[in-house]
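Data block below; observations after.
The values are calculated or read from the model by the stated rules, or taken from the named source; none is laboratory data. Worth saying up front: this structure is predicted, and the values here are computed from it rather than measured. Every residue, glycine as well, gets a Cβ built from its backbone with ideal geometry; the counts of neighbours run over all protein chains shown.
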Amino acid sequence: MQTQIEIHTEPLNIQACIDWIMSPDSGGIDVFIGTVRNATKGKPVLKLEFEAYNKMAINEIEKITKQAFDKWPVQKVLVHHRTGTLQVGEIPVIIAVSAAHRDAAFEACRYIIDTLKQTVPIWKKEFFEDGEVWVAAHP
Amino acid sequence: MQTQIEIHTEPLNIQACIDWIMSPDSGGIDVFIGTVRNATKGKPVLKLEFEAYNKMAINEIEKITKQAFDKWPVQKVLVHHRTGTLQVGEIPVIIAVSAAHRDAAFEACRYIIDTLKQTVPIWKKEFFEDGEVWVAAHP
Amino acid sequence: MEITVLAFGIAKDIFGGASVTVALADNATTADLKTSLEEKYPRLKHLASYMVAVNNEYAEDGGVITDRDEVAIIPPVSGG
Amino acid sequence: MEITVLAFGIAKDIFGGASVTVALADNATTADLKTSLEEKYPRLKHLASYMVAVNNEYAEDGGVITDRDEVAIIPPVSGG
């Protein structure tokens, strides 16, 4: 049960994530890469800003990765999240999971990103031409 | 609907795959990376050999990617498969799918690897200390 | 007692800063904290929801707060 | 007519080469091809399964083969 969890303002490095997650024990790796989309509901997005309550966010991500290890026979789990200002096309999040068999890798990876989006104290502000909005803040 | 399908003997280049799949339209990318595992059912594996019926394999992969575009709102699909001799830890296959929303990327990626393993004419021979075997050839 | 409450995301905008100080009775609960904050900052009530975190854990409404706790307001998260 | 049949994976081992030539009646079908090959190479029958491909497509058993077709034996695949 190996995990690597990071939250920082530097650009995320995909190759470094892959290098860490690969191992001779594993047969399948699933990697989810979130990217900043150029539009939300058809409205052009200029940039995003991510803010995290770092200590608690790490804490909550650790809980999620532990749950993933409990639920599926996975070998390594990596979660990197970026904060600060991100331009369109940049990468806010990378999740990588290795397992002996691919089913576990796929399921755990999807569980981790789905749960991260529900519980981890990180906030995203979208900047449009005519204003800015904290995503999900209001009904 | 953009696809990139390749079968060749050169080592697969993950970063090049990611660079191709990323786009400002997409919000989520799922990448499956197959790796050569050091054991099969507990028995140490020394190396693998992959052989493809190239023209037909490309043909069958194209069918699968078309099905993925029909089934899910995905934007780009990449399938790279390596042939020849691979050592433990090396990468026989990379599948990458981008979409506006992650659900489609996850589901399409999993569909593609599952179907590829069932229909695409590529064969794997496992080399053990005491012999070699074409995987799945016999009941 | 005085509690320093950390704010993130839209809560920072509502409070006008990364933290606010709130005067609470000893043995106050997270529910008391919410009531007090909502009186001072009514815009909190317009959020889709929000939680209180105590010492980096989501806190139930009945939990008691002390002035040694790290307390934060967690508006709806939107990471990933 | 003479048909050249391409072989891959374990079929190459069974045939002792990357292709074999089979004599078939004109208008022979893929089923006839299988029968003829299984007579000559009984180990084919021990495979978990195998298919015939004609012009890079999986072929049904009833399909007619001509000597202009590219014909191949597809043992159980194991890519990925």
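Annotation: C:Ile74 fulfils all but one of (1) under 25 Å from A:Ile58 (Cα atoms); (2) more than 12 Å from chain A (Cβ to nearest Cβ); the unmet one is (2). Apart from one condition, B:Thr65 fits all of (1) surrounded by 23 or more Cβ atoms within 10 Å (Cβ to Cβ); (2) assigned to a loop (DSSP other than H, G, I, E, B); the exception is (2).
Kindly check whether there is at least one residue in region D:24-46 that is in a helix (DSSP H, G or I), hydrophobic (A, V, I, L, M, F, W, C) and more than 12 Å from the chain's Cα centre (by Cα). Break it down into steps so the answer makes sense when it comes.
Kept after step one, since they are in a helix (DSSP H, G or I), are these residues of region D:24-46: D:30-40, D:42-46.
Okay, now just the ones that are also hydrophobic (A, V, I, L, M, F, W, C), so D:31, D:33, D:37, D:44.
Still in the running and more than 12 Å from the chain's Cα centre (by Cα): none.
No: region D:24-46 contains no residue that is in a helix (DSSP H, G or I), hydrophobic (A, V, I, L, M, F, W, C) and more than 12 Å from the chain's Cα centre (by Cα).
Among the residues of region B:1-10, at least one is at pLDDT below 95 and either assigned to a helix (DSSP H, G or I) or more than 7 Å from chain A (Cβ to nearest Cβ) (or both).
Only one entry in A:Phe32, A:Phe50 is assigned to a strand (DSSP E or B), on the phi < 0 side of the Ramachandran plot, crowded, with 22+ Cβ neighbours inside 10 Å and touching a Pro at 6+ places or on another chain (Cβ under 9 Å), namely A:Phe50. Number of residues in region B:69-111 that are surrounded by 23 or more Cβ atoms within 10 Å (Cβ to Cβ), more than 9 Å from every other protein chain (Cβ to nearest Cβ) and either in a helix (DSSP H, G or I) or of a type in the set (Phe, Trp, Tyr) (or both) equals 1.
If you go through region D:35-53 and keep only what is touching a helix residue (DSSP H, G or I) at 6+ places or on another chain (Cβ under 8 Å) and closer than 12 Å to D:Ile74 by Cβ, you end up with D:Leu44, D:Leu47, D:Tyr50, D:Val52, D:Ala53.
With respect to B:Asp114, determine if the residue is within 14 Å of chain D (Cβ to nearest Cβ) and assigned to a helix (DSSP H, G or I). The answer is yes for B:Asp114. Residue pairs whose Cβ atoms lie under 8 Å apart, sitting 6 or more positions apart in sequence or on different chains, and linking a residue in region A:1-12 that is farther than 18 Å from A:Phe69 by Cα to a partner that is among the basic types (Lys, Arg), are A:Ile7/A:Arg82; A:His8/A:Arg82; A:Thr9/A:Arg82; A:Glu10/A:Arg82; A:Pro11/A:Arg82; A:Leu12/A:Arg82.
Just checking, does region D:54-69 include any residue being assigned to a loop (DSSP other than H, G, I, E, B), under 17 Å from B:Trp123 (Cα atoms) and not hydrophobic (A, V, I, L, M, F, W, C)? Yes: one or more hits.
Select from region B:75-103 the residues that are touching an Asp or Glu at 6+ places or on another chain (Cβ under 9 Å) and of a type in the set (A, V, I, L, M) and write down the one among them that is modelled with the lowest pLDDT. Only one residue tops the list, namely B:Ala100. Could you go through region B:73-94 and let me know if any residue there is of a type in the set (D, E, K, R) and in contact with a Pro (Cβ under 6 Å, 6 or more places away or on another chain). Checking region B:73-94: at least one residue is of a type in the set (D, E, K, R) and in contact with a Pro (Cβ under 6 Å, 6 or more places away or on another chain). Taking the numbered list (1) part of a loop (DSSP other than H, G, I, E, B); (2) over 16 Å from the mean Cα position of the chain (by Cα); (3) not aromatic (Phe, Trp, Tyr) in turn, A:Arg37 passes all entries but (2).
Within region D:29-43, the presence of at least one residue that is over 27 Å from B:Lys125 (Cα atoms) and out of contact with any strand residue (DSSP E or B) (no Cβ under 7 Å at 6 or more places or on another chain) is confirmed. Go through the residues of region A:70-78 one by one and say whether even a single one is under 28 Å from B:Asp25 (Cα atoms) and touching a strand residue (DSSP E or B) at 6+ places or on another chain (Cβ under 6 Å). Checked against the condition, which is being under 28 Å from B:Asp25 (Cα atoms) and touching a strand residue (DSSP E or B) at 6+ places or on another chain (Cβ under 6 Å), region A:70-78 yields at least one hit.
Quick grid of which residues meet (1) farther than 17 Å from A:Met56 by Cβ; (2) at pLDDT 95 or above; (3) of a type in the set (Phe, Trp, Tyr):
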position: C:Glu2; (1), (2), (3): yes, yes, no
position: C:Phe8; (1), (2), (3): no, yes, yes
position: C:Gly17; (1), (2), (3): yes, yes, no
position: C:Ser36; (1), (2), (3): yes, yes, no
position: C:Glu39; (1), (2), (3): yes, yes, no
position: C:Asn56; (1), (2), (3): no, yes, no
position: C:Glu60; (1), (2), (3): no, no, no
position: C:Val64; (1), (2), (3): yes, yes, no
position: C:Glu70; (1), (2), (3): no, yes, no
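Applying the condition of being more than 7 Å from every other protein chain (Cβ to nearest Cβ) and not charged (D, E, K, R) to region B:13-30 and asking which residue is nearest to B:Gly89 (Cα to Cα) yields B:Asn13. Consider region C:47-74 and keep the residues that are over 9 Å from the mean Cα position of the chain (by Cα) and touching a residue at least 40 places away in the same chain (Cβ under 8 Å). The one that is surrounded by the most Cβ atoms within 10 Å (Cβ to Cβ) is C:Ile65. A:Ala136 satisfies every condition listed in (1) outside any loop (DSSP other than H, G, I, E, B); (2) small (Gly, Ala, Ser); (3) facing chain C (nearest Cβ under 10 Å) except (1).
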